[in-house]
Structures are given as C-alpha cells and as structure tokens.
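The values are calculated or read from the model by the stated rules, or taken from the named source; none is laboratory data. Note that the structure is a prediction, hence the values are computed from the model and not measured. Here the Cβ positions follow ideal geometry from the backbone for every residue, glycine too, while neighbour counts run over all protein chains shown.
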Amino acid sequence: MGKAARARTGLAARVRQRMERASLASVFIAYLVAYLAGATGLTVVAITVLEGAYTYAWEQQMPVHVYNGPYLYDAERGDLVPAASIEVGDYTGDVSLYLGIDADDRAAAETRVHLAGSEESEGAGVEAAEGVGEGGAAVDGVQEVYATLEMIAEDPALTVSDWGGNFVGSYDENAYEELLAQGGDNILAEALPAYDAYQRSVRAQVDGSAIGLSLESDTPTSNVAYYVSQSMDFTPLVAALRFMAGMAPFAIYGVMAWLVFRRFYRCRLAEPLGALVAATDRVAAQDLDFTVPTVPGRELGRLAAAFERMRASLADAQRRMWRTAEERKRLNAAFAHDLRTPLTVLKGTVEMAQLRLEEGSAAGSAMPGAADSADGQGANAAGEKDAARMAEARRTLATLGAQVTRLQRYAEVMSSASKLEDRAVRREPVKLAAFARDLADEAAALVAASPQELGFSCSLTAAGETWEPLGVDGPLSDGGEDAGVPRAIASLAVDIDGALVAEAVGNLLSNARGHAASKVGLALSYADGVLSCTVSDDGPGFTAEALRRGCEPFYSEAKSAEHFGMGLNIAHVLADLHGGAVELANADPPDHGARVTARFSCGEPSAGAGA
C-alpha cells in the first residue's frame with residue numbers, strides 16, 4: 001500500500017473516530033449538510049436530464065417551428081412578411097418602424113437596418129429579428145419556417161395577435177372587436193387586412209424618411225406589427241416529463257430526507273438504545289454475565305458506560321449475596337448438626353422419664369396391702385393426689401416430647417434451606433379437633449410463660465359448631481361425646497402442614513403476649529377449605545404505619561434485645577408458603593388492642609381421617 005493510500009486510510013479512520021465520539025447535535029448537523037448537498041446536486045442533475053428529455057420529446061412532436069415575429073402585413077402580397085423593428089427616437093413615446101425583410105436576401109436587409117440605426121439616423125436604435133432563418137432552415141435542430149395567412153387559417157395551432165406599440169393617440173377600441181377571435185385578443189386570419197388598415201390609420205405615422213433611410217420602392221414598411229403563436233398538444237410523454245421536472249425537487253428532497261435521517265436514527269439512536277434495552281432486559285432477568293457494548297455518540301456513550309458500571313456493581317453484589325447465602329446455608333447446616341445431638345439426648349431423656357413414670361405408676365398400683373391400711377380414707381386421698389400428679393407429669397412430658405420432635409423437624413428443614421422461603425410445605429390429613437387441642441395447649445403454655453400474668457382463651461368454629469378445646473383431656477372418640485367435642489368437629493380432618501401452622505401461630509402469640517395488657521386470645525375457624533387463626537390482645541394496638549408495614553422484615557416500633565421485628569414477617573412468609581396470607585387490624589370499638597389473622601389453604605376437607 002502506497003503512502004497516499006495509507007494517508008487516506010488513516011484520515012478516514014480519524015474521521016470515523018471523531019464521529020463516534022461526537023455529540024448528537026454535531027452528527028445531526030453533519031448529516032443535514034450531507035443531505036442538503038446531496039439532494040441539491042441530485043435535483044440539479046435530475047432537472048437537467050428531464051428538461052433535456054422534455055425538449056427532445058417536444059422537438060420530436062413538433063419538428064417544424066414557426067417564426068414568432070415580428071411580422072407586418074403587406075397589402076400588395078396580401079400576406080404576412082417577416083419584419084425588423086426600428087425604434088424612432090424623434091417621436092414621443094414608444095414609436096417603431098417595422099421594415100419587411102426579404103427572406104432570400106436576409107443579410108443585406110439586416111445590413112440596411114443596421115446602417116439606418118447607427119449612421120443615417122441620429123438617436124435611432126435597431127432591433128433586428130433574432131433567430132430568423134431562411135424559409136425551411138434549421139435552427140437548433142428544429143426546422144423553422146415563416147408564417148403565412150393561409151397557414152394560420154388552416155392550422156388551429158397557429159394564432160396571430162397584435163405586436164403593440166405606436167399608440168400615440170386615442171382611438172375606438174370597440175371599432176375592431178368583430179375582427180378578433182371570440183373571447184380573446186387573437187385576430188382572425190380573414191379579418192387581418194381590415195384590422196391592419198384600421199390600426200395603421202390610428203397609430204403614429206412613420207416611414208423611412210422619418211429616419212433618413214432611403215428604401216427601395218418594393219420594401220414593405222408599416223407602423224403595425226404582429227406576433228404569431230404556435231401551440232402544441234401535450235402527449236402523455238411530454239406531460240409526464242414536464243410533471244416529473246416540476247416534481248423532481250420535492251421527490252428527491254423527500255426521498256433523500258427519508259434515507260439520510262433514517263440512517264441517522266438507526267445508527268445513532270435505534271441501535272444504541274436497542275443495545276441498552278437488551279442490557280436492561282438481561283439485568284432484569286438477573287443475567288449479569290455480559291458486558292454492555294460501547295455505543296457511538298457522546299451522550300449515549302456516557303449512558304452505556306453508566307449502564308456497564310451499574311451492571312458490574314450488580315454482578316459484584318450478586319456474587320456477594322451468593323456467597324452470603326452459601327455461608328448462611330452452611331451456618332444453618334452447622335447449627336442443625338450441632339442442635340441435633342442435644343435434641344436427641346433431650347428426646348431420649350423425655351422418653352426415659354415417660355417410661356419410668358409408667359413403670360412407677362404400675363408398681364405403685366401393684367403394692368400389696370395398700371387397700372388394708374388403717375386409715376383407708378387417707379390412703380385413698382393420697383392415691384388420688386398421686387394420680388393427679390402422675391397425669392400432670394404425663395401431660396408435661398408429652399408436651400416436652402412434642403416440642404422436641406418439632407425442634408428436630410425444624411433443624412432438619414433449616415439444614416438444607418438457605419432462606420425461609422425455601423421451606424417445603426408437607427401437607428398431611430390432620431384431625432382438626434386434635435390439632436386445635438394441641439395448639440391450644442401449646443399456646444396456653446406459651447402465654448403462661450410471660451413475665452406478667454395473662455389470661456388466655458381459645459375457641460374453634462367449624463361446621464356450624466363452636467368448641468373451646470382448653471381443659472379437654474382424654475382421647476377423642478368417633479362421635480366425640482367422651483371428650484365433649486361436637487360430633488361435626490370431631491369427625492373433621494384437614495390437609496395441612498401442622499408444624500408450619502403451629503410455628504406461624506406461635507410467632508403471632510409471642511408478638512401478642514409482648515403487647516397484651518391482661519389477656520391474649522386465639523380463635524380458630526375453618527370454612528371453605530381455609531383455616532383461619534386469629535390472635536388478639538388488649539394492648540395499645542397497631543399504629544397506622546404498623547398496619548401498613550407490620551409484616552416487613554425487621555420492622556418494629558419498639559425493638560429490644562429480645563425483639564427484632566421478625567415475628568409477623570415469619571408468620572407472613574409461612575402463611576404465604578401455605579397458600580394463605582396475614583392480615584393486620586385493630587379491635588372494633590369500644591374494644592381496643594390488636595388483631596392478627598393468619599389464613600392457611602387446606603384443600604378439600606375430609607371426614608374421619610386419622611391424625
């Protein structure tokens with residue numbers, strides 16, 4: 001490659017680089033200048049070509065051109081004669097003498113006219129006919145002929161009209177109206193002699209002597225001249241060429257505008273914005289493993305660079321979050337692993353305590369002589385007290401065993417879950433009455449563990465019946481009469497994850513007992529495949545902001561070392577996993593306090609399923 005070629009290549013590369021970094025306004029101006037220059041050049045070329053084509057088509061349609069004039073009327077010949085106009089300076093106004101030209105000796109005639117105007121007449125000027133050729137001569141490739149009255153009378157394309165001039169006096173314009181063509185200024189060929197005689201008499205009288213020119217006796221002169229027009233019929237081709245020549249500027253400027261500014265829009269706006277939109281879509285889909293491409297233009301280039309910085313920052317944050325999630329998952333697994341051993345020991349201890357309790361109870365009831373005691377009544381009273389204590393111990397151990405089992409299950413779940421939303425919902429048929437009784441016992445124990453003494457109430461409403469499960473002991477029969485459970489409730493089973501529901505309700509109860517003044521209530525209800533658990537208290541209730549944001553994580557109006565604002569959020573997440581929701585409200589006046597309802601989807605109910 002030569003030095004000149006390399007220089008041109010380097011210059012083009014520098015221009016491209018400058019254009020890539022230029023602002024939208026600068027690039028738009030450059031496109032506009034290129035558009036105007038290109039469109040103007042194309043318009044000039046197109047009009048030149050179309051006008052040439054129009055002229056050629058016109059010449060092909062009318063190969064013979066009639067000389068326009070001036071003409072004078074020669075009465076001796078009875079016909080029109082081509083003439084030259086000689087201006088006479090001695091007269092006031094526009095006064096001319098029209099001198100007939102002999103077509104056969106045109107050069108000599110023009111010489112005489114020239115001499116008359118330049119040497120033999122002071123102040124006179126000469127205007128010779130231009131473009132007049134001899135009869136049948138070719139001018140600019142078109143055959144040109146002189147008009148005659150016969151030609152005018154026979155050819156409707158030819159018309160004759162007054163050349164004008166020499167109007168030095170007033171005359172009656174209406175005197176020759178009948179000599180004109182109807183509705184115009186054209187003179188009828190047959191009326192031209194009468195028209196000429198009248199006009200010669202009323203216009204300025206001038207002849208060769210007025211300009212000091214000695215004319216031959218047969219040279220015709222006149223103070224009236226005529227103009228011959230030749231019209232043509234526009235063929236479709238000629239009309240189309242004329243139309244195209246007129247419309248070419250509009251078409252070229254319009255098409256060039258569309259092409260140039262379409263390219264400007266595509267290269268400078270559409271493609272850069274498309275790249276940015278694609279990058280935004282990938283970011284929205286959490287696909288950050290890419291690089292935002294460099295786009296042309298100063299403004300959009302800065303925007304693309306800002307997008308790239310945002311993507312890199314999000315990618316870094318995503319990597320940190322992934323590492324945090326993995327660390328949390330490992331922490332959960334380690335926590336579950338470390339918790340599993342003491343839970344196993346605790347479960348074994350509870351089972352051993354239950355076994356020893358049962359063995360002690362059996363041994364006590366089998367002791368000989370117990371019935372022959374001297375004080376029979378005292379022995380019976382002591383036996384009843386022992387039986388009551390044994391029953392209480394059984395319930396306590398059963399409660400401990402249930403809580404240990406629940407903790408074991410929770411540890412298993414948290415060992416594999418990295419966040420609360422990953423928890424799996426394990427539905428199984430559960431007898432609603434038994435579940436309500438267990439939930440009431442756990443709730444009562446939780447409320448009783450509060451620093452202040454709180455009252456607690458629990459109720460279950462289902463199948464048109466209401467039952468209070470607190471204080472109910474003993475197994476449930478099919479009909480439920482032995483335990484005091486309504487038959488409709490005793491036979492009702494629901495499909496739920498009991499541990500998840502109990503955990504959600506436990507969080508609501510923990511939140512309620514921290515705000516209650518004297519009592520906490522738990523109301524369970526089942527209808528249309530939805531189990532609703534409403535926890536209420538008689539505390540200050542929710543503020544307007546708490547009603548709106550209470551289920552957000554870590555939101556609390558009174559945080560402390562023991563309360564982190566997570567209870568309602570956990571209940572909300574668990575209810576959502578179970579196909580339900582949590583609603584916050586305040587008690588209806590005149591009551592006061594808060595009321596939180598957690599709903600859980602249960603599917604279709606069944607009857608008689610085992611717990």
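In region 194-205, the residues that are assigned by TED's automatic domain parsing to the domain that holds SER222 reach residues that are among the small types (Gly, Ala, Ser) with C-beta atoms within less than 7 angstrom, at least six apart or across chains, in these pairs: TYR198/ALA175; ARG200/SER222; VAL202/GLY169. All conditions but one from (1) in contact with a Gly (Cβ under 9 Å, 6 or more places away or on another chain); (2) under 23 Å from ILE496 (Cβ atoms); (3) small (Gly, Ala, Ser); (4) at pLDDT 90 or above apply to GLY567; the one that does not is (4).
Restricting attention to region 40-67, the residues that are in a loop (DSSP other than H, G, I, E, B) and at pLDDT below 85 total 2. Cβ-Cβ contacts under 8 Å between residues 6 or more apart (or on different chains), taken from a first residue in region 237-260 that is closer than 17 Å to GLY41 by Cα to a second residue that is of a type in the set (Val, Ile, Thr) and surrounded by 13 or more Cβ atoms within 10 Å (Cβ to Cβ), are listed as ALA245/ILE47; ALA248/THR43; ALA248/ILE47; PRO249/THR43; PRO249/ILE47; ILE252/THR43; TYR253/THR43. Would a scan of region 71-86 turn up a residue that is surrounded by fewer than 18 Cβ atoms within 10 Å (Cβ to Cβ), at pLDDT 85 or above and among the small types (Gly, Ala, Ser)? Within region 71-86 (the criterion being surrounded by fewer than 18 Cβ atoms within 10 Å (Cβ to Cβ), at pLDDT 85 or above and among the small types (Gly, Ala, Ser)), the answer is yes, since at least one residue qualifies. If you filter region 264-305 down to residues that are assigned to a helix (DSSP H, G or I) and either in contact with a strand residue (DSSP E or B) (Cβ under 6 Å, 6 or more places away or on another chain) or hydroxyl-bearing (Ser, Thr, Tyr) (or both), you find that the one that is nearest to SER23 (Cα to Cα) is TYR265. Among strands (runs of 3 or more DSSP E) entirely within region 395-469, having at least 2 residues that are at pLDDT 80 or above and buried (at least 16 other Cβ atoms within 10 Å of the Cβ) singles out 428-431, 455-462. Applying the condition of being crowded, with 18+ Cβ neighbours inside 10 Å and of a type in the set (A, V, I, L, M) to region 39-56 and asking which residue is farthest from the chain's Cα centre (by Cα) yields LEU50.
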